[in-house]
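One structure below.
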Amino acid sequence: MPTQYRRWSEHPYPNEATPPRGHSEPAFWPMFFIYRGANHQFLDVLKQPIKWTIKQPNQIDWDHELFIVKQTLLSLTAEQRKSAEYWATGELTAKISSLLYELAEKYQLGTPSCARMLGYYHAAINDTCVMSWYFKYLWDVARPIQFVQSLATVVFTPRFPAYPSAHATIAGCSEVLLGYFFPSESVRLSALMKESAQSRLYAGVHFKADNDEGLRLGRQIGEMVVKIMQLQNVRPF
């Protein structure tokens with residue numbers, strides 16, 4: 001089992017002489033549903049330590065992950081390229097917020113219900129971003145182009161560590177929350193969020209594990225928030 005992996009902060013991007021420098025500030029923002037304990041321990045609403053289900057990066061075979069990226073880019077279809085470009089264009093949460101408004105109109109939600117739904121959703125995504133950035137900078141996993149600088153990526157590679165994928169983490173949390181708000185739409189919503197996560201592999205900017213484990217982390221956070229909503233009697237629409 002692999003125990004070493006390439007560090008994002010130690011390897012330059014293509015045509016650059018020095019390794020990238022990032023900004024880890026979001027990892028330390030205040031949160032709404034998750035609490036910080038001592039020594040970087042995170043607690044749930046009952047102030048119990050959270051046992052994160054995301055894999056440690058030293059449990060992942062990064063050589064195999066790189067092989068998957070290479071093969072994906074070599075065999076990329078027009079539809080996959082379109083997906084990569086769509087989900088990489090603009091702000092991801094803007095796309096999902098538009099979807100929430102669309103569903104609010106479809107199910108004839110009043111302004112108070114719509115505002116409540118959006119409040120819970122965006123607060124959850126705040127916590128999801130904090131945890132994604134926390135693990136990114138804790139583990140410092142390199143991007144595919146830091147392994148092979150000649151990779152022909154579909155979009156530019158973001159300038160922060162790879163693991164887990166923030167796109168995928170947001171998608172995983174969104175899948176759970178939107179599925180809770182609108183259970184009759186859950187199959188379609190799940191497919192959309194999985195496509196959003198998978199698009200980062202098609203784009204060549206993430207490994208498959210970044211996306212798979214990002215979805216896992218996001219879903220775990222989403223399930224925590226759903227439990228809180230249930231305790232607070234926030235019902236599906």
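Quick notes
- In the range 190-202, of all residues being within 15 Å of I170 (Cβ to Cβ) and in contact (Cβ under 8 Å) with a residue 24 or more places away in the chain, the one that is surrounded by the fewest Cβ atoms within 10 Å (Cβ to Cβ) corresponds to E195.
- Pairs where the first residue, in the range 208-237, is under 30 Å from E65 (Cβ atoms) and the second is open to solvent by less than 70 Å² (accessible area, probe 1.4 Å) and aromatic (F, W, Y), C-beta under 6 Å, 6+ apart: D210/Y163; V225/F33
- Screening S113 against (1) without any contact (Cβ under 8 Å) to a residue 40 or more places away in the chain; (2) part of a helix (DSSP H, G or I); (3) over 18 Å from the mean Cα position of the chain (by Cα) leaves a single unmet condition, (1).
- The set of residues from the range 137-162 being farther than 15 Å from P19 by Cβ and in contact with a Pro (Cβ under 7 Å, 6 or more places away or on another chain) comprises W139, L151.
- Test for G22: is it part of a loop (DSSP other than H, G, I, E, B), of a type in the set (G, A, S) and surrounded by 14 or more Cβ atoms within 10 Å (Cβ to Cβ): yes
- The range 45-70, residues that are of a type in the set (D, E, K, R) and either closer than 30 Å to A152 by Cβ or modelled with pLDDT of 95 or more (or both): K51, K55, D61, D63, E65, K70
- G110 surrounded by 11 or more Cβ atoms within 10 Å (Cβ to Cβ) and out of contact with any helix residue (DSSP H, G or I) (no Cβ under 7 Å at 6 or more places or on another chain): no
- Here F67 clears all of (1) in contact (Cβ under 8 Å) with a residue 12 or more places away in the chain; (2) within 15 Å of Q146 (Cα to Cα) except the condition numbered (1).
- Residue satisfying all of: in the range 87-110; touching a residue at least 40 places away in the same chain (Cβ under 8 Å) and among the aromatic types (F, W, Y); nearest to V205 (Cα to Cα) among these: W87
- Residue, farthest from F135 (Cα to Cα), within the range 43-93, restricted to residues that are of a type in the set (K, R) and open to solvent by less than 90 Å² (accessible area, probe 1.4 Å): K70
- Among the conditions (1) of a type outside the set (F, W, Y); (2) in a loop (DSSP other than H, G, I, E, B); (3) more than 26 Å from K208 (Cα to Cα), the only one that L76 does not satisfy is (3).
- Some residue of the range 125-145 being charged (D, E, K, R) and touching a strand residue (DSSP E or B) at 6+ places or on another chain (Cβ under 7 Å): yes
The values are calculated or read from the model by the stated rules, or taken from the named source; none is laboratory data. Keep in mind that what you see is a predicted model, and the values were worked out from it rather than measured. Methodologically, a virtual Cβ is constructed for each residue, glycine included, from the backbone with ideal geometry; neighbour enumeration extends over all protein chains shown. SASA here: full protein model, heavy atoms, side chains in, ligands and nucleic acids out. Shrake-Rupley method; radii C 1.70, N 1.55, O 1.52, S 1.80 Å.
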